[in-house]
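Worksheet: one structure, shown below.
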Amino acid sequence: MLSFISRRLAIAVPTLLVVIAGSFFLMRAAPGGPFDADAQLEPEVIENLRAAYDLDKPVMEQFLLYMARLLRGDFGPSITYTDYTVTELLAIGLPVSVKLGLTATAVALLFGCLMGIFAALYRNRWIDYVTMSIAMTGFAVPAFVVAPVLTLVFGLYLKLLPISGWNDGALQNMVLPVIALALPQIAILSRLTRGSMLEVMRQNYIRTARAKGLPEYKVVAGHALKAVSLPLVSYLGPAIAGIMTGSVIIEQIFGLPGMGRYFIQGALSRDYPLVMGTVVVYATAIILLNLLADVIYGYLDPRVRRE
Amino acid sequence: MATGSVEKRARVAPAAEPATVLECRDLNVHFDTPDGRIAAVNGISFDLKRGRCLGIVGESGSGKSQTFLGILGLLASNGHAVGSVKLHGEEILNVPRRRLDAIRGEKLAIVFQDSITGLTPHKRIGEQLSEVLTEHRGLGRTAARAKVLEMLELVRIPEAEKRFRMYPHEFSGGMRQRVMVAQALLCQPDVLIADEPTTALDVTVQAQILKLFKGLADHTNTALVMITHDLGVVAGLCDEVMVMYAGRVVEHAAVDELFYAPRHPYTRGLLACMPRADRDSEALTAIPGQPPDLAALPAGCAFAPRCPYAFERCEAERPTLSLAAPGHARACHLEALP
Ligand SMILES: Nc1ncnc2c1ncn2[C@@H]1O[C@H](COP(=O)(O)OP(=O)(O)OP(=O)(O)O)[C@@H](O)[C@H]1O
Ligand code: SF4
Ligand SMILES: [Mg+2]
């Protein structure tokens, strides 16, 4: 297992490099620059600013400079938030996004799996139809529609929950963003769980377990669940990626001070170091969490553990 | 239904007839499919006595497996069993799950036909087998382990200690099959149903397993149901045989009786297909034609399209199982085979 992890980490390094290089050059290729909006600035002031952020150098040199700094753990200064370094901004944004993302993941897993298992156990009965209809809806309606509708109903009409703001991650501020973020994943996970459960319960070894005289709950818990969870674990990587990208939109809609907001703001104002900082964090998180998913998979399925 | 059981022909001194363990009466199994109802098993009756062995033979799809899956309550979700099955005089067909759980694996055990895929892939072999003993006998881990190791050695799993901690994918097909046999024997069941238990095994292991079954029948009171394509296995192991065709029993007799004086054209056909030492293997004949479609069975004898002796009555009227000689039942309109 250890050699598996270290090998995967070794592959992760070039992957990360490619992602960083790709984003770096793509961003420079996009039209506009960080100081375009400030039309009132004198040209020589802009020149000085550009020089201060190394923007006057050839792109390749800028990249090497950036990489050299990054290796020392320095994300550089933010261009728009002039009083902050990117590291400081990430330190503000990351905990917000992590808390939001983890809560949404947990909620999605809990509800997705439960709905899927019950839908499978009561196949073609009303529980099945109701859960799968919810899943279809959750799957079909995008987050930028769900979120405003939720805000409208629970925030403005019913006045039950605040419509925006973080408030240090207070429960009432978390509810709506978490629901909006988890909903599409609940939809996918419940369908995935249902399918997996139906597939596993058809297997010969389930019949064997019943033939041994095990009660059904032991058959399901002892012989089915691990196999049922395998496709879910495989989906964990994409699910996490989905929640992260979803978070970018949701943070914007609910005005939450997370990574996603800095990413969007950075991109809009061409704050190159800020965007690069968020990209590096996002990419690292996705790579590590995918690795975690693979490790869990290997733990669950003895057949892949060998390799 | 015509037969209860068929008396075992006295090979040895006719001791008192052993007690009946399993009594099956007029068992039917059907499946509901989008294309309509499939009657896979129709009106099967038999008695199984202590320490005796009943062979079930018949072509693929004749309903051998579904008969016993029905008895055990293990049919696919679209399957239903109707009739009566009594274990030690107590009804067990369509009883609540809790009742079934107490019987399955403890009094009624089965070795499945496709046992290669019958073991849970993510659970250690030792755990899977021990579970039977913890469930039915309330044994602790160490006691269960000792018993399981003993049983694994009995079915000739080499290095049982090491194998105990392994996963199914680390076992060969033949070894998995033997593990399934060991699992079924753990509680010394009153009835052991073996559904083609030797098909995946090479000839030597096959012989060993059959010897094990034979010993089981002779030394314990376990009654054995041997489902097989191999009439040689039946000849060597069983006391009586039921021949099935299209979900019905077409002949039921003591083994010697059936082999030397078959009374159904289908049985005769099966016997003719049997490889024998005195015959060139190339002379092997298969019964010409295909087994019938269970969803569209003819009104008369299901074997009629393939039967060399079929006459008008066969197409019009379905023959019922009736005694042709003492202890020898068959379902055919012919008084005697030509
Ligand atoms: N779930 C199901 N739905 C519909 N038909 C089924 C189902 N399960 C079994 N059958 C049908 O029941 C019939 C009897 O099957 P069975 O498994 O008893 O055959 P068998 O005699 O054991 O054959 P084999 O020697 O190949 O094992 C087959 O024609 C099969 O197609
Ligand atoms: S009833 Fe007729 S068709 Fe059927 S086996 Fe007998 S002779 Fe053949
Ligand atoms: Mg079968």
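The values are calculated or read from the model by the stated rules, or taken from the named source; none is laboratory data. Bear in mind the structure is a predicted one, so any value in this text is a computation, not a measurement. In this analysis, Cβ positions are derived from the backbone assuming ideal geometry, glycine residues included, and neighbour counts consider all displayed protein chains.
Brief remarks on what is shown
- When residues of region B:229-249 are limited to those that are within 13 Å of ligand 1 (Cβ to nearest atom) and crowded, with 22+ Cβ neighbours inside 10 Å, the one nearest to B:Val29 (Cα to Cα): B:Gly247
- Residue in region A:73-86 that is surrounded by fewer than 16 Cβ atoms within 10 Å (Cβ to Cβ) and assigned to a helix (DSSP H, G or I) present: no
- Any hit, region B:47-64, residues being assigned to a loop (DSSP other than H, G, I, E, B), of a type in the set (Asp, Glu) and away from ligand 2 (no atom under 16 Å from the Cβ): no
- Identity of the residue in region B:136-146, more than 9 Å from chain A (Cβ to nearest Cβ) and in a helix (DSSP H, G or I), that ends up surrounded by the most Cβ atoms within 10 Å (Cβ to Cβ): B:Ala144
Matching residues to (1) at positive phi; (2) within 14 Å of chain B (Cβ to nearest Cβ); (3) touching a helix residue (DSSP H, G or I) at 6+ places or on another chain (Cβ under 6 Å):
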position: A:Val149; (1), (2), (3): no, no, no
position: A:Ala170; (1), (2), (3): no, no, no
position: A:Ala182; (1), (2), (3): no, no, yes
position: A:Ala187; (1), (2), (3): no, no, yes
position: A:Arg194; (1), (2), (3): no, no, yes
position: A:Glu199; (1), (2), (3): no, yes, no
position: A:Ala209; (1), (2), (3): no, yes, yes
position: A:Val220; (1), (2), (3): no, yes, no
position: A:Leu225; (1), (2), (3): no, yes, no
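- Cβ pairs under 6 Å, 6+ apart, first in region B:58-72 and of a type in the set (S, T, N, Q), second modelled with pLDDT of 90 or more: B:Ser62/B:Met244; B:Ser62/B:Tyr245; B:Ser65/B:Asp195; B:Gln66/B:Val29; B:Gln66/B:Ala40; B:Gln66/B:Val41; B:Thr67/B:Val41; B:Thr67/B:Ile44
- Flag for A:Pro95 being surrounded by fewer than 19 Cβ atoms within 10 Å (Cβ to Cβ), under 16 Å from A:Ser247 (Cβ atoms) and at pLDDT 90 or above: yes
- Of the residues making up region B:112-135, those that are within 9 Å of chain A (Cβ to nearest Cβ), in contact (Cβ under 8 Å) with a residue 40 or more places away in the chain and part of a loop (DSSP other than H, G, I, E, B) are B:Phe112, B:Gly118, B:Leu119, B:Thr120, B:Pro121, B:His122, B:Lys123, B:Arg124.
- Of everything in region A:196-210 that is touching a residue at least 24 places away in the same chain (Cβ under 8 Å) and in a helix (DSSP H, G or I), the residue that is surrounded by the fewest Cβ atoms within 10 Å (Cβ to Cβ) is A:Leu198.
- No other residue among B:Leu129, B:Leu74, B:Leu149, B:Leu133 is away from ligand 2 (no atom under 16 Å from the Cβ) and either within 28 Å of B:Met244 (Cβ to Cβ) or surrounded by fewer than 17 Cβ atoms within 10 Å (Cβ to Cβ) (or both) apart from B:Leu74.
- Counting only helices (runs of 4 or more DSSP H) wholly contained in region B:225-273, the ones carrying 2 or more residues that are hydrophobic (A, V, I, L, M, F, W, C), more than 14 Å from chain A (Cβ to nearest Cβ) and within 16 Å of ligand 2 (Cβ to nearest atom) occupy B:265-273.
- Among the residues of region B:84-111, the one identified as among the small types (Gly, Ala, Ser), assigned to a strand (DSSP E or B) and more than 13 Å from chain A (Cβ to nearest Cβ) is B:Ser84.
- Being within 11 Å of ligand 1 (Cβ to nearest atom) and either in contact with a Phe, Trp or Tyr (Cβ under 6 Å, 6 or more places away or on another chain) or at pLDDT 95 or above (or both) holds for only one residue in B:Leu69, B:Leu54, B:Leu87, and it is B:Leu69.
- Annotation: of all residues in region B:114-126 being buried (at least 19 other Cβ atoms within 10 Å of the Cβ) and touching a strand residue (DSSP E or B) at 6+ places or on another chain (Cβ under 9 Å), the one that is nearest to B:Gln177 (Cα to Cα) is B:Ser115.
- Top-ranked residue in region A:230-250 [being more than 12 Å from the chain's Cα centre (by Cα), more than 10 Å from chain B (Cβ to nearest Cβ) and of a type outside the set (Phe, Trp, Tyr); ranked as surrounded by the most Cβ atoms within 10 Å (Cβ to Cβ)]: A:Leu232
- Once region A:19-66 is narrowed to residues that are among the polar types (S, T, N, Q) and surrounded by 11 or more Cβ atoms within 10 Å (Cβ to Cβ), the residue that is nearest to A:Ala267 (Cα to Cα) is A:Ser23.
- Residue in region A:181-189 that is under 30 Å from B:Arg97 (Cβ atoms), hydrophobic (A, V, I, L, M, F, W, C) and out of contact with any Asp or Glu (no Cβ under 7 Å at 6 or more places or on another chain) present: yes
- When each of B:Ala235, B:Ala253 is tested for being of a type in the set (Gly, Ala, Ser), modelled with pLDDT of 95 or more and closer than 22 Å to B:Thr67 by Cα, the lone residue that passes is B:Ala253.
- Residue check for B:Lys162: touching a residue at least 12 places away in the same chain (Cβ under 8 Å), in a helix (DSSP H, G or I) and closer than 23 Å to B:Gln208 by Cα: no
- Flag if B:Val155 is of a type in the set (Val, Ile, Thr), within 20 Å of B:Leu69 (Cα to Cα) and either buried (at least 19 other Cβ atoms within 10 Å of the Cβ) or more than 12 Å from chain A (Cβ to nearest Cβ) (or both): no
- Tally, over region B:46-57, of residues that are on the phi > 0 side of the Ramachandran plot and either within 9 Å of ligand 3 (Cβ to nearest atom) or among the aliphatic types (A, V, I, L, M) (or both): 0
- Only a single item in (1) away from ligand 1 (no atom under 16 Å from the Cβ); (2) among the aliphatic types (A, V, I, L, M); (3) modelled with pLDDT of 90 or more is not met by B:Leu284, and it is number (3).
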